[in-house]
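Q: Take this structure first; my questions come after.
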Amino acid sequence: MGCEWEQVILGDLCTKIGSGATPRGGKKSYKNEGISLIRSQNVLDYSLSINGLAYIDEQEAKALENVTIQKGDVLLNITGDSVARACIVPSSVLPARVNQHVMILRPNIDMLNNGFLLYLLQYYKPHLLSVASSGATRNALTKAMIENFSFLCPPLFIQE
């Protein structure tokens, strides 16, 4: 087995990179129970907080079907003061969707371990914060910034 590390682009190692959307009606759409809607306040470094977790009904969830979270997805805050915070979504909040301030990173499991991706994002957090604050009035990471993020990646067996 070789131990070759390779310069890669994150977008080439993920099957999904995308942010969510706001349900129609915004906060008025929130319910006391139903499908979890994960917002930036829920995404902490290395963990997801259920404090303030919002819920939407089946109809709203269907409208947000393209931002359905799957087991093992890595979530990344992409706007505001909490930009660059990241965690792996726990199964306990599924089914779930994300709003527009949270990005879903779904690694191709044959090439990228989700735990490695989480630690990689945390390691590069100072860089991500720097990039997010460049030239904007509000801190933000774009889809293109994340897709084109380049890093040195070890083979999967080392990631694991």
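Q: With charges set only on the Cβ (+1 for Lys and Arg, -1 for Asp and Glu), what does the dipole of the chain come to about its Cα centre, in debye to the nearest 20?
A: Using only the charged Cβ atoms, the result is roughly 680 debye.
Q: Give me the one-decimal nm value for the distance between modelled label points at Gln70 and Ser150, 7 Å along each residue's Cα-to-Cβ direction.
A: In this crude label model, Gln70 to Ser150 measures out at 2.8 nm.
Q: Based on the Cβ-Cβ distance from Arg138 to Glu160, what FRET efficiency comes out when R0 is 45 Å, to the nearest 0.05?
A: Rounded to the nearest 0.05, the efficiency is 0.75.
Q: If you don't mind, there's one more thing I want to ask. Rounded to the nearest whole Å², what accessible area per residue is found for the chain with the 1.4 Å probe?
A: 53 Å²
Q: Oh, and also: For region 23-77, state which GluC sites (Glu not before Pro) are in a DSSP loop and have at most 14 other beta carbons lying within 10 Å of their beta carbon.
A: Passing sites in region 23-77 are Glu33.
Q: If you place +1 on the Cβ of every Lys and Arg and -1 on the Cβ of every Asp and Glu, how big does the dipole about the Cα centre of region 35-87 come out, in debye to the nearest 20?
A: With Lys and Arg at +1 and Asp and Glu at -1, about 140 debye.
Q: Further question on the same structure: For region 1-108, compute Rh as the Kirkwood radius over C-alpha pairs and then the Stokes-Einstein diffusion coefficient at 25 °C and 0.890 mPa s; write the answer in µm²/s, rounded to an integer.
A: The diffusion coefficient I find is 171 µm²/s.
Q: Using the scaling law 2.2 N^0.38 Å as the reference, what is the normalised Cα Rg of region 95-156?
A: Taking the Cα Rg and dividing by 2.2 N^0.38 Å, one obtains 1.24.
Q: While we're on this one: Suppose accessible area is computed on protein heavy atoms with a 1.4 Å probe; arrange Ser133, Ser49 from highest to lowest.
A: Per-residue accessible area, sorted high to low, gives Ser133, Ser49.
Q: Follow-up. Report, please, the projected area of region 40-160 averaged over directions, based on the convex hull of its C-alpha atoms, in nm².
A: 8.0 nm²
Q: Rounded to the nearest percent, how much of the accessible area of the chain (1.4 Å probe, protein heavy atoms only) is carbon and sulfur?
A: The C+S portion of the solvent-accessible surface of the chain is 50 percent.
Q: Still on this structure, I have one more. What accessible area, in Å² to the nearest ten, does a 1.4 Å probe give for Asp12?
A: Ignoring ligands and nucleic acids, Asp12 comes out at about 110 Å².
Q: Farthest toward the dipole's positive end in the chain, which of Gln59, Ser92, Asn108, given Cβ charges of +1 (Lys, Arg) and -1 (Asp, Glu) about the Cα centre?
A: About the Cα centre, the residue reaching furthest to the positive side is Gln59.
Q: Where in the chain is the longest stretch that carries no trypsin sites (Lys or Arg not before Pro) classed as loop by DSSP and with at most 13 other Cβ atoms within 10 Å?
A: It runs 72-137.
Q: What FRET efficiency, computed as 1/(1 + (r/R0)^6) with R0 = 25 Å and r the Cβ-Cβ distance, is obtained for Lys62 and Met111, rounded to the nearest 0.05?
A: 0.20
Q: Express as a percent, rounded to the nearest 5, the fraction of DSSP beta bridges in the chain (both residues included) that run antiparallel.
A: 90 percent
Q: So how far apart, in nm, are the two label points at Ser47 and Tyr123 if each is 7 Å from Cα heading toward Cβ?
A: 2.4 nm
The values are calculated or read from the model by the stated rules, or taken from the named source; none is laboratory data. Please read these numbers as outputs of a predicted model, since none were measured by experiment. Cβ sites come from the backbone with ideal geometry, for glycine too, and all protein chains shown count toward neighbours. Ligands, DNA and RNA are stripped out before the accessible areas are found, and what is left, the full protein with its side chains, is counted by its heavy atoms. Shrake-Rupley method; radii C 1.70, N 1.55, O 1.52, S 1.80 Å.
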